[in-house]
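In what follows, a single structure is set out as C-alpha cells and then discussed.
Where a number appears in this text, it was derived from the coordinates with a stated rule and is not lab data. Just so you know, these numbers come straight off a predicted model, no measurement behind them. Methodologically, a virtual Cβ is constructed for each residue, glycine included, from the backbone with ideal geometry; neighbour enumeration extends over all protein chains shown.
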Amino acid sequence: GEQHFPQGPPLMLLISVQQVQATVVGLLAAVAALLLGAVSREEVDVAKVELLCASSVLTAFLAAFALGVLMICIVIGARKLGVNPDNIATPIAASLGDLITLSILALVSSFFYRHKDNRYLTPLVCLSFAALTPVWVLIAKQSPPIMKILKFGWFPIILAMVISSFGGLILSKTISKQQYKGMAVFTPVVCGVGGNLVAIQTSRISTYLHMWSTPGVLPLQMKKFWPNPCSTFCTSEINSMSARVLLLLVVPGHLIFFYIIYLVQGQSVINSQTFVVLYLLAGLIQVTILLYLAEVMVRLTWHQALDPDNHCIPYLTGLGDLLGTSLLALCFFTDWLLKSKAELGDISELASGPP
C-alpha cells in the first residue's frame, strides 16, 4: 500500500488509530461471542459477560500495540534494505497476529479468572479503556490521512468480524460431532493459509496501484471491474504472475502443515488418501476464489478512491475464514460419507456371501 508519510514518523499516529479500533472491535467481538453463546445455550451469565468484555478489550489493546510497533519496524527495515514490505510485513502480520493475540488472551483471561471474586476489576478495566478512546482520537486528529482511516475504516473491520463469526459458528456446531473429529486442528491452518496468501496479493496489487496510478483512476490493463478469471491467473502481467506463484504455494504448504499436524497429533488425525486429496482440493478452491475476489475488490475500491489495504484485506480475511471453515467441514463430511458407504458395501458383501 501507500508507505510514504510526508509529515514525519507516523508511529504514535498509527498506534492511536489502532488503539481506537482495537478497543471498539474488542468490545464488539465480546458482544458477538456472547450473542452466539446465548443463541446456542439460551443463557447469559453476567460475571462471564464482564470477564469476556474485559479480556477482549485488554487483549485487543495489547495485541494491536505489539503488532503495530512490530509492523512499523519491519516496514522501515524492509525499505532500508530495498525489500518489498508486502512480501514480509503482510504474512508476518497475518501469521503472528493470531499467535500473539491468542497468547495474550490466554494470559489476560487467566488473570481475570483468578481474580473473579474482585467484582470491580473487570468493569474498571472496561471503563478505563473506554475513557482512553477520546485521547487516542485527539492524537489521531493531528494527521488528516490517519483521521480519514478512523472515520471511514469501521465498516470493513466490523463486517469482516461478522463474516468471520459465521465461520466460528460453523465450527462450534460441527466440532462436537464424530464425523468432524479433528476439524479443530486443521481449521486454523486452512484459514491462516488462505488469509495470508490473499493478504499478500491484495497488498501487492495495492502497492502497484499506488506506484503507477492515482486513487480513482485504474490503469488501462485493469479497467474491467470483473476481469476474466483467466486474466487473473494466466497472463504475463505482474499481478497475474504473483497470483500464480501464491496459488502454487498452496499444495506444498498444506502438505507440510498436514505432516506437522500428523507428527504432533499422531493416529488421532485423519490420514486417509481420500481425505488428503479432499483437504488439498479445498485449500486450492479457497485460495483461488480469494485471489480472484482480491483482484475484483481492489479494482472496485481503487475506482472509489479508497485504500485497498484498509477496505479489502479485512473483508478477504473474513471471507477466508468462512470459506476455509465451510470447505473443511465439507471435506470431513464427504470423507465420513465415503467411509460409511464403503463399510456398508463390505457388510453387504459379507451378508450375501456363501454360508
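Testing the spin-label approximation: label points 7 Å from Cα along Cα→Cβ at residue 303 and residue 73. State their distance in nm.
Label at residue 303, label at residue 73, 4.2 nm between them.
For labels at residue 220 and residue 176 in the simple 7 Å Cα→Cβ model, what's the distance in nm?
For residue 220 paired with residue 176, the spin-label model returns 6.1 nm.
Need one number: nm distance between label points at residue 115 and residue 296, each 7 Å from Cα along Cα→Cβ, rounded to one decimal.
Reported label-point gap for residue 115 and residue 296 is 4.9 nm.
Just want the ordering: 343, 237, 295, 50, from fewest to most Cβ atoms lying within 10 Å of their own Cβ.
Listed from fewest to most nearby Cβ atoms, that is 343, 237, 50, 295.
Which of the listed residues, 107, 53, 303, is farthest toward the dipole's positive end in the chain, when Lys, Arg count +1 and Asp, Glu count -1 at the beta-carbon?
Among 107, 53, 303, the one farthest towards the positive end of the dipole of the chain is 303.
Does the chain come out rounded, prolate or oblate by the C-alpha gyration tensor, with a ≥ b ≥ c the root eigenvalues, rounded set by a/c under 1.5 and, if not, prolate when a/b is larger than b/c and oblate if not?
oblate
For the stretch 97-171 and the stretch 259-320, what is the separation of their C-alpha centers, rounded to whole Å?
Between the Cα centre of the stretch 97-171 and that of the stretch 259-320, the gap is 25 Å.
Can you name the helices of the chain, as whole DSSP H runs, whose Cα span along the helix axis is 24 Å or more and whose Kyte-Doolittle mean is not below 1.6?
Qualifying helices, which must be both long enough and hydrophobic enough, are 11-41, 46-81, 121-140.
Once you order the gyration tensor axes a ≥ b ≥ c over the Cα atoms, which shape class does the stretch 107-193 get: rounded for a/c under 1.5, otherwise prolate or oblate by comparing a/b with b/c?
Note, shape of the stretch 107-193 comes out oblate.
Which value at 222 nm does the chain reach when only helices count, each DSSP H run of 4 or more adding -39,500 (n - 2.57), with the total divided by all residues and rounded to the nearest 500 deg cm²/dmol?
-27500 deg cm²/dmol
Compare the Cα positions of 191, 281, 267 along the charge dipole of the stretch 167-348 (+1 at Cβ of Lys, Arg; -1 at Cβ of Asp, Glu; about the Cα centre) and return the one farthest towards the positive end.
Looking along the dipole axis, the top candidate is 281.
Would you list which lysines come within 24 Å of residue 177, measuring only between C-alpha atoms, while excluding same-chain residues fewer than 8 positions from it?
The reachable lysines, counting only those whose Cα sits under 24 Å from residue 177, are 339, 341.
Please return the longest stretch of the chain lacking exposed loop sites, where chymotrypsin sites (Phe, Trp or Tyr not before Pro) count only if DSSP places them in a loop and at most 16 other Cβ atoms lie within 10 Å.
After excluding every exposed loop site, the longest remaining stretch is 226-355.
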